[in-house]
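Trainee: Below you will find the structure I want to go over with you.
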Amino acid sequence: MLRNSYIHMTGIGKGVEKNIWDFGIDSWDEAIEKMDKLPISKAKKKSVEVGIEESESQLKEKNHCYFAQNLPSAEHWRAYSEFSKDVAFVDIETTGLAPGQDTITVVGIYNRKEAKTYVQGIDLDEIADEFSKYKMLITFNGARFDLPFIKREFPEINFDQLHIDLMYPLKRIGYCGGLKKIEREMGIVRGDNIKDVDGWEAVRLWRRYQRGDEAALDTLLEYNREDIVNLETIIEKVYCDLIDNCKCKEK
């Protein structure tokens, strides 16, 4: 989808992008090939031509910052396939919902190969180095909750990555509500040990751990791991639907 996106280019909005798509263009290469015939102004053609050249160069260098800064935040999902090898699926657990009053207890980071969980009082301060390894982050409600929470406690972390907050693109294709509800709608089944655990139960599990219940921490970490691993399952299930919806909505 990124290779047929134009709204990150200087002077190009959704209207011009729609005109290009309506002409049957499916890639930057095809846009260049048919540039003379595109139903847009001469000035816009020049902007698209320059934008494609710049985009190809930046993509070749895997410069995620360029696309993170120039794509509208709601459209970062378009870059998923191009940056999926440098992605981290992220979810946090906290003592409550109020940054500044409550604190992070667990940060889960899944890189498609390994699910890593960082725990308050053990190794939570290692997340800064871990986040620096990735070019794209995927969360659920992370724009409002997870990333601001992390940034408050770890201001040294520079979140310059592309960020897909799945809650919003999922709404576009009809999936509303919390992550667990959406998982059930998609047929994603959690393990028996944690199928009834939710955010508030995660808070209680942490309190039990603080009172000496090591098994409660094990359950909390298992719950967090399923959160981050299931985010990968979800985006893989819906990515093609997001592309179809985007193009159909613009037409």
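Trainee: List the GluC sites (Glu not before Pro) in region 45-103 that DSSP assigns to loop (not H, G, I, E or B) and whose Cβ has at most 13 other Cβ atoms within 10 Å. Which are they?
Mentor: Here the GluC sites (Glu not before Pro) that fit, given the DSSP loop and packing criteria, are Glu61.
Trainee: Cross-link candidates for Lys42: which lysines have Cα within less than 29 Å, leaving aside residues fewer than 8 places away along the same chain?
Mentor: Those lysines meeting the cut-off are Lys14, Lys18, Lys34, Lys60, Lys247, Lys249, Lys251.
Trainee: Now for a separate question. Near the amide H of His163, under 5 Å away, which other amide H atoms are found, from residues 5 or more places off or on another chain, if H is placed in the peptide plane?
Mentor: Residues meeting the amide H criterion: Leu137.
Trainee: Residue by residue through region 137-152, what is 3J(HN,Hα) from phi via Karplus (6.51 cos²θ - 1.76 cosθ + 1.60, θ = phi - 60°)? Round to whole Hz and write x for glycine and proline.
Mentor: 10, 10, 9, 10, 6, x, 5, 9, 10, 4, 5, x, 4, 5, 4, 5
Trainee: List, in order, the whole-Hz ³J(HN,Hα) value for each residue of region 36-47 obtained from phi through the Karplus relation with A = 6.51, B = -1.76, C = 1.60 and θ = phi - 60°; use x for Gly and Pro.
Mentor: My calculation for region 36-47 gives 4, 9, 4, x, 9, 5, 4, 5, 5, 4, 5, 4 Hz in order.
Trainee: Using θ = phi - 60° and the Karplus relation 6.51 cos²θ - 1.76 cosθ + 1.60, list the HN-Hα couplings for region 12-19 in order, rounded to whole Hz, with x at every Gly or Pro.
Mentor: For region 12-19, the Karplus-derived couplings read 10, x, 5, x, 5, 4, 4, 4 Hz, x marking Gly and Pro.
Trainee: If I ignore ligands, DNA and RNA and count only protein heavy atoms, how much of Val50 is accessible to a 1.4 Å probe, in Å² to the nearest 10?
Mentor: Result for Val50: roughly 80 Å² accessible.
Trainee: Label-point separation (nm) for Ala143 and Thr10, each offset 7 Å from Cα along Cα-to-Cβ?
Mentor: 2.6
Trainee: Show that you can apply the helix-only estimate: for the chain, add -39,500 (n - 2.57) for every DSSP H stretch of four or more residues, divide by all residues, and state [θ] at 222 nm to the nearest 500.
Mentor: -14500 deg cm²/dmol
Trainee: For Arg112, enumerate residues with amide H under 5 Å from its amide H, sequence gap 5+ or separate chain, H modeled in the peptide plane.
Mentor: Result for Arg112 returns Phe89.
Trainee: Nearest 5 percent is fine: what portion of the DSSP beta bridges confined to the chain is antiparallel?
Mentor: Percent antiparallel among DSSP bridges in the chain is about 60.
Trainee: Then there's this: Report, to the nearest whole %, how much of the accessible area of region 1-127 belongs to carbon and sulfur atoms, 1.4 Å probe, protein only.
Mentor: That share works out to 46 percent.
Trainee: Across region 112-216, how many lysine pairs, 8 or more positions apart or on different chains, have C-alpha atoms separated by under 24 Å? Please give the number.
Mentor: Qualifying lysine pairs in region 112-216: 16.
Trainee: Give me the 1.4 Å probe accessible area per residue for the chain, excluding ligands and nucleic acids, in Å².
Mentor: Heavy-atom accessible area per residue stands at 49 Å².
Trainee: Another question, if that's okay. Mind checking region 52-109 for trypsin sites (Lys or Arg not before Pro) that DSSP puts in a loop (not H, G, I, E or B) and that have at most 15 other Cβ atoms within 10 Å?
Mentor: Answer in residue order: Lys62.
The values are calculated or read from the model by the stated rules, or taken from the named source; none is laboratory data. None of these values were measured; they are calculated from a predicted model. All Cβ positions, glycine included, derive from the backbone under ideal geometry; neighbour counts span all protein chains shown. Side chains are part of the model used for accessible areas, which takes the heavy atoms of the whole protein and leaves out ligands, DNA and RNA. Shrake-Rupley method; radii C 1.70, N 1.55, O 1.52, S 1.80 Å.
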